[in-house]
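Note sheet for the following structure.
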Amino acid sequence: MDETILGSLVRDTLRQQLGDASLKEVGAVFFSSADMIKSGPVYLLGLNPGGDYDGTIEQDLARWSSAPANWSAYTDDTQFTGATGRKMRTGVVKLLGALGHRDAGHIPASNLVFKRTKSQRELNGEFRRWADACWPVHDHLLDAISAQELVIYSRTAYENVRARAGAAATQESQVTAGRSRCCAFTWRRNGYST
């Protein structure tokens, strides 16, 4: 997908939903390079960026548009530093592997909310507003890439997306692997199922 068009979509959507100041918030939009955002089997979605990164959403979009081909924050980046960051990064790669996606570096990835906080608790007061503002970008991407799977690695993000699916969500299931529990549902969208 063309990074100029996608970057403009993000900027225009956030400006319309939250105002110009939203682009000056600390945050990140995409965790994989533009060439990874294409038709494929899976789209990876977390809750929101965490950690100590202090770049704004606007700066992140500029960094993303110049990222090398096949770049992924989960396989090629130093973004996830410290013990917590490494644990999260390793956990995402293991989750994708358990679902049959062995190469996390070739999966389009983002977060439901683009605003960065150090913990989910810091986001709680603004979660719904930011989730609603960022959703049109994800909605566009889901239609553009026609992913058969939307892998969501946050209970809060999963519940938000499940609510958006509403009656179009069917075949709910749960899978337990060790201490982790995965929930799933089928979502019929514009002629295809996710």
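The values are calculated or read from the model by the stated rules, or taken from the named source; none is laboratory data. Because the structure is a prediction, the values reported are computed rather than measured. Positions of Cβ are generated from backbone atoms using ideal geometry, with glycine treated the same way; all protein chains shown enter the neighbour counts. Accessible surface is based on the protein model in full, side chains and every heavy atom, while ligands, DNA and RNA are left aside. Shrake-Rupley method; radii C 1.70, N 1.55, O 1.52, S 1.80 Å.
Assorted remarks:
- Within the range 154-194, tally of residues that are modelled with pLDDT of 75 or more and of a type in the set (D, E, K, R): 6
- Subset of the range 128-166 that is of a type in the set (Val, Ile, Thr) and part of a helix (DSSP H, G or I) - its residue that is most open to solvent (accessible area, probe 1.4 Å): THR156
- Residue in the range 7-38 that is nearest to ALA67 (Cα to Cα), counting only those that are in a helix (DSSP H, G or I) and among the acidic types (Asp, Glu): ASP35
- Among the residues of the range 21-55, those identified as of a type outside the set (S, T, N, Q), farther than 24 Å from THR156 by Cβ and modelled with pLDDT under 90 are ALA34, ASP35, MET36, LYS38, GLY40, PRO41.
- Flag for ASN124 being part of a helix (DSSP H, G or I) and free of Cβ contacts under 8 Å to residues at least 12 places away in the same chain: yes
- Residue among ARG89, ARG116, ARG102 that alone is under 24 Å from LYS24 (Cα atoms) and not hydrophobic (A, V, I, L, M, F, W, C): ARG116
- Checking LEU6 against (1) crowded, with 17+ Cβ neighbours inside 10 Å; (2) modelled with pLDDT of 90 or more; (3) aliphatic (A, V, I, L, M), the condition it does not meet: (2)
Let's see how each residue does on (1) assigned to a helix (DSSP H, G or I); (2) surrounded by fewer than 21 Cβ atoms within 10 Å (Cβ to Cβ); (3) among the hydrophobic types (A, V, I, L, M, F, W, C); (4) touching a residue at least 12 places away in the same chain (Cβ under 8 Å):
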| residue | (1), (2), (3), (4) |
| --- | --- |
| GLY40 | no, yes, no, yes |
| LEU44 | no, no, yes, yes |
| ARG63 | yes, yes, no, no |
| ASN70 | no, yes, no, yes |
| MET88 | yes, yes, yes, yes |
| GLY91 | yes, yes, no, yes |
| HIS101 | no, yes, no, yes |
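- Unmet criterion (only one of (1) surrounded by 13 or more Cβ atoms within 10 Å (Cβ to Cβ); (2) closer than 16 Å to SER22 by Cβ) for GLY125: (1)
- Of everything listed in (1) modelled with pLDDT of 85 or more; (2) open to solvent by 50 Å² or more (accessible area, probe 1.4 Å); (3) farther than 20 Å from VAL42 by Cα, the single unmet condition for ARG116 is (2).
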